[in-house]
Number of protein chains: 2
Amino acid sequence: MRQFILYARKAVTSPDFSLDDLPGSGGRMDLVARCICNALWISHDLRRDSCIHVVACGSPNPPVVISLYGDRLRNVSPDERNIAAWIKKALASKRRNPGINIRKLSFQQLVEELVSEGNFFYILHEQGRDIARVKLKDDSVFVLGDHIGLPGEEEKFVARFEHEKISLGTTSYLASQCITVLHYELDKKSSICIAGE
Amino acid sequence: MRQFILYARKAVTSPDFSLDDLPGSGGRMDLVARCICNALWISHDLRRDSCIHVVACGSPNPPVVISLYGDRLRNVSPDERNIAAWIKKALASKRRNPGINIRKLSFQQLVEELVSEGNFFYILHEQGRDIARVKLKDDSVFVLGDHIGLPGEEEKFVARFEHEKISLGTTSYLASQCITVLHYELDKKSSICIAGE
């Protein structure tokens with residue numbers, strides 16, 4: 001499974017945000033929604049081999065981990081408002097979606113859980129190794145920061161476990177764009193494997 | 001300049017759509033906004049070397065070409081709602097943004113205009129040449145369809161001029177994701193050129 005962790009420093013942790021103001025009242029919930037869209041959607045389908053864990057660290061009840069799974073998601077559209085509406089419902093413990101899971105968990109607890117399942121970590125980092133030179137493992141966890149970046153202490157924590165720091169080049173992309181590029185690089189790798197069989 | 005043409009078959013051509021329902025009342029204006037975001041934004045900046053022309057072919061007054069320029073755009077945020085709000089204003093000929101231009105123009109007229117400026121075209125196509133094998137020219141126009149695809153007659157029209165059909169691999173990405181991948185491939189190429197200087 002391809003897994004993504006997005007550290008969302010300002011993403012709110014209660015359903016009391018307005019769908020008409022995702023950047024402000026939602027604490028950049030627009031950014032979160034775009035990351036979810038690119039992690040789980042392709043044209044006319046969902047990526048059933050992928051999931052994304054959003055570590056929401058905004059007020060009033062941080063941290064909360066919101067996990068979305070491509071193989072179980074139902075009735076969600078890829079637009080920002082619809083994705084955010086489902087997060088709002090999940091935070092309110094209202095209508096449940098089998099593909100969305102909310103837990104009171106910290107970034108470090110999430111990482112420990114994924115370590116215990118035997119995962120390898122890739123940390124996106126401007127000084128990381130050029131992705132073109134990395135033999136990406138498909139069943140991995142990719143760790144990304146939001147527009148402010150991954151806090152140093154969280155980066156150090158992940159770096160205690162089996163990991164590699166990778167870079168997507170000299171351009172600083174939006175977090176959501178990084179996810180698209182990672183999928184693209186993994187897709188290329190998979191299609192080469194299939195063609196070589 | 002990097003230019004993108006998005007053929008948006010259902011995107012509405014009047015300001016009478018609801019910002020609360022971009023997929024429905026806007027004729028997939030959510031998709032349009034995501035394409036614009038990925039064409040023009042990077043982390044904490046705009047791509048000043050890029051523009052995107054959206055050929056809106058929905059009711060009630062098709063076709064309309066909405067062009068957005070990274071070097072002139074002001075006060076727009078990358079979230080879908082804000083981008084759509086600016087398109088709504090532009091369609092209503094209300095508040096003008098120096099980076100948004102609205103014209104009563106067809107897809108073919110737009111292509112002819114870009115041909116007369118000496119541009120080369122890349123058409124995204126599943127049977128196209130693998131992008132890894134293509135030496136991308138930086139100052140080019142990339143032609144994309146929406147979720148329904150580029151109509152055959154429009155594709156044939158572009159193919160009368162200097163062009164190449166390219167493919168991003170075996171996965172069918174969202175149009176907005178295709179734009180991210182194209183920028184990524186062009187960015188890699190540019191950074192190799194700079195490093196080689």
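The values are calculated or read from the model by the stated rules, or taken from the named source; none is laboratory data. Remember, it's a predicted structure, so these values are computed and weren't measured experimentally. Cβ coordinates were reconstructed from backbone atoms using ideal geometry, including for glycine residues, and neighbour counts include every protein chain displayed. The protein model used for the area step is the full one, side chains on, heavy atoms only, and it has no ligands, DNA or RNA in it. Shrake-Rupley method; radii C 1.70, N 1.55, O 1.52, S 1.80 Å.
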**Message:** Just to be sure I understand: of the beta bridges DSSP finds with both ends in chain B, what percent are antiparallel, rounded to 5?
**Reply:** 35
**Request:** Please work out the average accessible area per residue across chain B, using the 1.4 Å probe convention, and give it in Å².
**Result:** 42
**Complete:** So, in nm and shortest first, the distances from A:Asp130 to its counterparts in the other copies, with label points 7 Å along Cα→Cβ, work out as 1.9
**Fill in**
Once B:Glu80, B:Glu117 are ranked on solvent-accessible area with the largest value leading and a 1.4 Å probe, the list reads B:Glu117, B:Glu80
**Prompt:** Picking from A:Pro151, A:Pro23, A:Pro78, which is most flexible by a Gaussian network model of chain A using Cα springs under 10 Å?
**Reply:** A:Pro151
**Request:** Return the distance in nm (one decimal) between the two label points of a simple spin-label model at A:Phe161 and A:Ser25, each offset 7 Å from Cα along Cα→Cβ.
**Result:** 3.6
**Message:** Taking the Kirkwood radius as the inverse of the mean 1/r across Cα pairs, report the Rg/Rh of the protein assembly as shown.
**Reply:** 0.96
**Request:** For helix A:29-40, report the angle its Cα long axis makes with the longest principal axis of the Cα atoms of chain A; keep it between 0 and 90° and round to the nearest 10°.
**Result:** 40
**Message:** If I ignore ligands, DNA and RNA and count only protein heavy atoms, how much of A:Lys156 is accessible to a 1.4 Å probe, in Å² to the nearest 10?
**Reply:** 150
**Prompt:** Angle, helix A:175-196 long axis vs. longest principal axis of chain A, Cα atoms, 0 to 90°, nearest 10?
**Reply:** 40
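The stretch A:99-138: Rg/Rh from Cα coordinates, Kirkwood Rh?
Here the Rg-to-Rh quotient is 1.07.
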**Complete:** GNM on chain B, Cα springs under 10 Å; top mean-square fluctuation among B:Asp20, B:Asp71, B:Asp30 goes to B:Asp20
**Request:** At 7 Å along the Cα-to-beta-carbon direction for both B:Asp49 and A:Glu112, put a label point, then send me their distance in nm to one decimal.
**Result:** 4.7
**Message:** Test of understanding: what is the full-extension gain from A:Asp138 to A:Ser172, defined as 0.36 nm times their sequence separation minus their Cα-Cα distance?
**Reply:** 9.9 nm
**Prompt:** Add -39500 (n - 2.57) for each DSSP H run of 4 or more in chain B, then divide by its residues: what number comes out at 222 nm, to the nearest 500 deg cm²/dmol?
**Reply:** -10000 deg cm²/dmol
**Item:** Shielding by partners - mean other protein chain Cβ count within 10 Å, residues of B:176-186
**Value:** 6
**Request:** Can you tell me the 0 to 90 degree angle between the C-alpha axis of helix A:80-91 and the longest principal axis of chain A, rounded to 10?
**Result:** 70
**Request:** Mind pulling up the Rg/Rh value for chain A? Radius of gyration and Kirkwood radius, both on Cα.
**Result:** 0.95
